1. Taking all protein chains as present, what is the carbon and sulfur share of the accessible area of the range 437-578, in % to the nearest whole number, probe 1.4 Å?
2. Using only the Cα atoms of the range 164-269, construct the convex hull and provide its projected area averaged over every direction, in square nanometres to one decimal.
3. If you take the charge dipole of the range 108-266 about its Cα centre, with +1 on Lys and Arg Cβ and -1 on Asp and Glu Cβ, which of Val201, Gly159, Gly241 is farthest toward its positive end?
4. Gap in Å between the Cα centre of the range 544-582 and the Cα centre of the range 356-409?
5. Rounded to the nearest 10 degrees, what's the angle between the helix 471-483 long axis and the longest principal axis of the chain, both from Cα atoms, 0 to 90?
6. When you take every Cα atom in the range 409-473, what is the radius of gyration, and what is Dmax, the widest Cα pair distance, in Å?
7. Based on the alpha-carbon gyration tensor of the range 446-593, what equivalent-ellipsoid semi-axes (square roots of 5 times the eigenvalues) come out, in whole Å, largest first?
8. So, with +1 on the Cβ of K and R and -1 on the Cβ of D and E, and no other charges, what is the size of the charge dipole of the chain about its Cα centre, to the nearest 20 debye?
Amino acid sequence: MAIKDSRNGKIIRNYSIDDLKDAANLMRGYNLVALCAAGSGHAGGTLSIMDITAALYLRIADHDPGDPSWSARDRIVWSTGHKAPSLYLGLAFAGFCPLDDVVLLRKLWSAFQGHPHWLKLPGVEVSTGSLGQGLSIAVGIALAAKLDGKSHKTFCIMGDGEQQEGQVWEAAMEAAHHKLDNLIAIVDCNRLQIDGRVSQVMNIDPLGAKYRTFAWEVLRVNGHDMAQVVAALEQAKAGCGKPVVILADTVKGKGVKFMEDIAGWHGKAPTHDELIRGLTELGLAERIPYQRLLGRARTYQAEVDRRLNAKMPKFSRNYWWNEAENMKVKMEPTRKGFGQSLAQNGDDERVVCLGLDISSSITISDFYTAKPERKRRWLSMGIAEQSATSVAAGLAKEGKLPVLGTYGTFAAARNLDQIRTSVCYGNFNVLIAGAHGGVSVGPDGATHQALEDLFAICSLPNMSVVVPSDVVETRKATDYLLLRRQGPKYIRFAREATPVISDDRTPFVFGHANVIRFREENPIFAEAFETVLASDYQNENEDLAIIACGPMVPEAMRAAWILKNDFGYESRVVNLHTLKPIDAAAIVRAARETSVIVTAEEHQIGALAWRVSGVITETPALFGLPVITGAIGVNDRFGESGAPWELIKEFELSAEHIAKKAIELMEAKGSRKAEKQEHSFISP
Ligand SMILES: Cc1ncc(C[n+]2csc(CCOP(=O)(O)OP(=O)(O)O)c2C)c(N)n1
């Protein structure tokens, strides 16, 4: 049992208990360096799992760094995907990749994604990040081994908060039913999750008794006592005729006193000073060449910056946000508007908010922050998006106004059938917040970037869908959806701070688009534009229209500025904040009056683009009229890790990309006009 040369079965190195303790300590240090270099990530849980990581990767698992896909290797599934840095360090210490490279964690184009992706780094067994799925994958891998008569083991590492996902228990049942004595689950019981103590967010105890009832063998260890950890893993590997779960009691943030047992360190990275304090506590300030490693990360980043900038469309000057002398803009995350509205409207006794263990960053907890008496109507559901969605339907049926929210991918995809059947079919008043929408979520990477949610959500009968463009509009939209709109409703907002382009005087009417026109440069960006309800707008015979939603509206406005300044083109920006019901009249007018339409969405191309095209192709008034269209959005790719604005550039979602597309379409319009003129000249 160990790291082997698969060609001859020779053990590459034997690790004693003391060696493993030392390796785990070093891994903790390298982890802090990587997190600090990334500027984000999960300190708490990566530190709590590190002793188990060292034992598993350096002594227990049979694997060969020289042949990562050796068919007889033990498989290790990290269901708890946010602990990716621990996995990377396990691999690096075992020799699968250079240790120095782990410092490229969460950087654009790096193999060390915020959540593991098996197609990017050899040794990573599966791609994870959406909690609660790994044990099922491990069941599949263990079943395949049985079918093929192979004797390797499958390990699956989970968190204790993760046990709240119902899918874990479906997999647990399957494992016992199929007598998977080749499956070993490990639960990192550090007793904390994002919103606080596991026992308070959604109690999972008695966990051992639950697994026992599901016919598993249960071992309990101190997850920081290396001898105990190794003994339990060896016992589990020896087999006992049924699946085994090791419940490892751990401390979140273990090894760094100021991080230990503090929920706030769940999703946080140390600053440079904190890194030095942490390394000193671990006795590693002299042993780990952290300055050199941070330098390596900086050099990599400089190359990313250079390559990205080289790829950007170029214009007569730099129009990027707040880089010009004038046109300055304030940035604020749209998500804040959601919290402001809940704080404002939460006195209505019908309003109930459901917590899904990501409450403060999506601002749903603003519902009770200033008014603790509302806690009675705060219903913590744990990490259980599917059940919570149906619970919301039940609450709505009894007259409540339930609100639930989480990352858009978990709020609209994981629970899609529950939204469809429990909520939409019954036409219940449930408000769902798809938070952190789009690639601009940043370094968490593909698993956390909702890019398909609007396809699914817009397809559902009875559903209303709003994608507000800035923090102010998010507040207004939430006000309306929460208390005035009947039926199921979805609001999608973003994580990153984006330009504030409206104020209290700006019109917002659900279901009715706004038209935004660039007038002239101004010290303040928003004041360079005039905004009116689309139905009040008088045609100005603009050259083209840009129809956008969400934070792509400010990008469309910036594109209008570029197009006017560099090319003299007038653009009609249509803020189509309500995707459903769609403002067909605003689209038809834009098509008829400009004949060139660019759509812009922070989503896979189509949620907006195809809905707009649908209106154009189905409207009799436009039959036979030439309308040239182009779409800006994510082009059939998964997202990846990177800084939010880097990803806007990488996925070609910026104003510069909108302007470039608009110019292409304008050229097509020009050549069409020329063709037409030529044609009428030849045939009188
Ligand atoms: C399906 C899903 N819902 C929500 C999240 C967001 N999320 C990431 S980590 C986390 C808390 C996990 O708690 P736990 O399993 O106890 O891990 P640990 O505290 O050890 O880091 C949540 C809710 C997610 N990644 N996947």
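The values are calculated or read from the model by the stated rules, or taken from the named source; none is laboratory data. Predicted model only: the values in this text are computed from it and were never measured. As a convention, Cβ positions derive from the backbone with ideal geometry for all residues, glycine included, and neighbour counts pool all protein chains shown. To get the accessible areas, we keep the full protein, side chains included, count just its heavy atoms, and leave off ligands, DNA and RNA. Shrake-Rupley method; radii C 1.70, N 1.55, O 1.52, S 1.80 Å.
1. Values: 1910 of 4260 Å².
Exposed carbon and sulfur together represent 45 percent of the surface.
2. On the way: hull surface 28.6 nm².
Projected area, direction-averaged: 7.2 nm².
3. So the residue furthest toward the plus end is Gly241.
4. 34 Å
5. 80 degrees
6. Gyration radius and largest Cα-Cα distance of the range 409-473: 12.5, 38 Å.
7. Working: eigenvalues 131, 58, 45 Å².
Its equivalent ellipsoid spans semi-axes of 26, 17, 15 Å.
8. On the way: 77 positive and 81 negative charges, 147 e Å.
About 700 debye.
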